[in-house]
Amino acid sequence: MKIEQMVYKKRVINIPDHKNIFLFGVRGSGKTAMLKRLYPSALYIDLLDESLYQSYLSDVALFYQEIKAFRDDALVIVDEIQRMPQLLNEVHRLIESSNRRFILTGSSARKIKAKGVNLLGGRAGIKYLYPFIPEELEDDFKLDQALQYGLLPIIFSSYDRTDKLKDYVLTYLKEEIKAEALVRNLPNFVRFLEVAGLYHGKVVNMSAIAREVNIDRRSVSEFFSILEDTMLGFFLPAYSSKLKLRQQKSSKFYFIDPGIARTVKKNFGSVSVEEKEFLFEGLVAQILRAHGDYYNLYDGIYYWSSLETKQTEVDFILKKGQNLIAIELMAKTQISSQDYNKGLKVIGKLPNVKKRILVYMGKTIRKTDAGIDIWPFDFFCKNLKENFESSVVY
């Protein structure tokens, strides 16, 4: 199978046929390729086309006229809508006056929020497209390659993934950050990115990052907001349990993809032992986010950590209503009874924890006397949806 064919495998995301949709996803997540394949007869408007963009800037009425000339029941796809949020007024008018349906894609919600746009007055749903998940790649998924290069379709389809990752970060800085004027001081943001890479999978210390980058704490907070708004990274909040322990309250930060997390801190080549734990954790975090959105499996994802006892933490808490599933990861192929996580044992004291899972890189499925399930990573990915639904009482 050619690589060019692999990137067009089915995506798990469901796009409703009867709704107007905002489809957000980090640059290179495959939004355009997927939509063109799903809707070949749609009217496609690409705002990355500079000549078209400039023509709309000079006369926004051209956008309205072009769509009006197309059939009244057409599907219209507008790519990278964040470049011209003012077009949403015209989209709203066209929705009100015709049977046209719109899919509006974007790699950043920052400008839309800054303009105070109300996302078409609630007349459009919001969907997110993530990097590939193992379910979409099937046998083409390789864990070691995913940790080294990540799973962004634009990188996955490249013959030289390292060079493509370097180009990707440079393009992000040039087109998302500089061209859209998201920061005033680009060199500061570049230094921040490298330091932020060191915090992938860790609790963020804004003050420490500010000192290291030599900027103020407010700028650090703003830079993290930019990473969130451009969907390059996300925060995982701490779960506050009723256990009688002092618990961590600060959020953890993850880049959306292991390849990006390595590239921003200029780590290339094979994954080191020191990197593997956090890259594995970040990959699973992203898989959980995608499953949660695509299948509406849970209400929220958290982590839990005690401030009193070292190594007493749970990497992920999945919450549905009042019910919880606790997940801990180990970047090992072999584990022993001494490896069984303290955090999973402690969190098991909560009455609403329905399942405790230890995910590792080995091959054997086991269950401990304490009721902790030990799952290989591939089994975890293949059975996440079914096991979550069967474990949680709705």
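The values are calculated or read from the model by the stated rules, or taken from the named source; none is laboratory data. Nothing here was measured: the structure is a model prediction, and the numbers come from that model. Reconstructed Cβ throughout: ideal geometry from the backbone, glycine too, with neighbour counts over all protein chains shown. Side chains included, ligands, DNA and RNA excluded: accessible areas come from the protein's heavy atoms. Shrake-Rupley method; radii C 1.70, N 1.55, O 1.52, S 1.80 Å.
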Requested in this report: State, as an integer percentage, the relative contact order of the chain based on alpha-carbon contacts under 8 Å between residues 6 or more apart.
Outcome: 13 percent
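Using the Cα centre of the chain as the reference point, and only Cβ charges (+1 on K/R, -1 on D/E), how large is the resulting charge dipole? Debye, rounded to the nearest 20.
Numbers: 58 positive and 48 negative charges, 246 e Å.
It comes to approximately 1180 debye.
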Report summary line: Rounded to the nearest 10 Å², the accessible area of Met34 using a 1.4 Å probe with every protein chain kept is 20 Å²
Requested in this report: Please name whichever of Pro131, Phe223, Ala109 sits farthest to the positive end of the charge dipole of the chain, dipole taken about the Cα centre and charges placed at Cβ: Lys and Arg +1, Asp and Glu -1.
Outcome: Phe223
Query raised in the report: For Arg101, what charge total do you get from the other residues with a beta carbon under 10 Å from its beta carbon, if Lys and Arg give +1 and Asp and Glu give -1?
Result: 0
Report task. Rank Glu176, Glu138, Glu228 by mean-square fluctuation in a GNM of the chain with C-alpha springs under 10 angstrom and give only the top-ranked residue. Result -> Glu138
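Counting Lys +1, Arg +1, Asp -1, Glu -1, what net charge surrounds Gln65 among other residues with beta carbon under 15 Å of its beta carbon? Kindly include the intermediate steps, with their values, before the conclusion.
Details: positive: Lys68, Arg71, Arg93, Arg100; negative: Asp59, Glu66, Asp72, Glu90.
Combined, the nearby Lys, Arg, Asp and Glu give 0.
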Report summary line: Over 28 Å (Cα to Cα) among Lys252/Lys319; Lys31/Lys166; Lys142/Lys178; Lys31/Lys355; Lys265/Lys367; Lys111/Lys382 -> Lys142/Lys178; Lys31/Lys355; Lys265/Lys367; Lys111/Lys382
Query raised in the report: Quick one: how many Å² of His92 are accessible to a 1.4 Å probe, rounded to 10?
Result: 60 Å²
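Among residues other than Tyr294 whose Cβ falls under 13 Å from its Cβ, what is the net charge (Lys/Arg +1, Asp/Glu -1)?
Details: positive: Lys10, Arg11, Lys127, Arg289, Lys385; negative: Glu135, Glu136, Asp293.
Neighbourhood net charge equals +2.
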Query raised in the report: Quick one: ranking Glu136, Glu175 by accessible area, 1.4 Å probe, largest first, what do you get?
Result: Glu175, Glu136
Requested in this report: Determine how large the accessible area of Tyr172 is when every protein chain is in place; take a 1.4 Å probe and give Å² rounded to the nearest 10.
Outcome: 10 Å²
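Given a 1.4 Å probe and every protein chain left where it sits, what share in percent of the accessible area of the chain is carbon and sulfur? Please report the intermediate quantities before stating the final value.
Numbers: 8810 of 18490 Å².
With neighbouring chains kept in place, the figure for the chain is 48 percent.
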Query raised in the report: Under a 1.4 angstrom probe, counting protein chains only, how are Arg211, Arg262, Arg27 ranked by accessible area, largest first?
Result: Arg211, Arg27, Arg262
Report summary line: When the chain is treated as a Gaussian network with springs between alpha carbons less than 10 Å apart, the largest mean-square fluctuation among Val78, Val60, Val195 is found at Val60
Report task. Take the alpha-carbon centre of region 38-91, take the same for region 193-235, and report the distance between them in whole Å. Result -> 35 Å
Requested in this report: Working with all protein chains in place, sort Lys178, Lys320, Lys252 by solvent-accessible area computed with a 1.4 Å probe, largest first.
Outcome: Lys178, Lys320, Lys252
Requested in this report: Can you find, among Val26, Cys381, Val91, the residue farthest towards the positive end of the dipole of the chain? Put +1 on the C-beta of Lys and Arg, -1 on that of Asp and Glu.
Outcome: Cys381
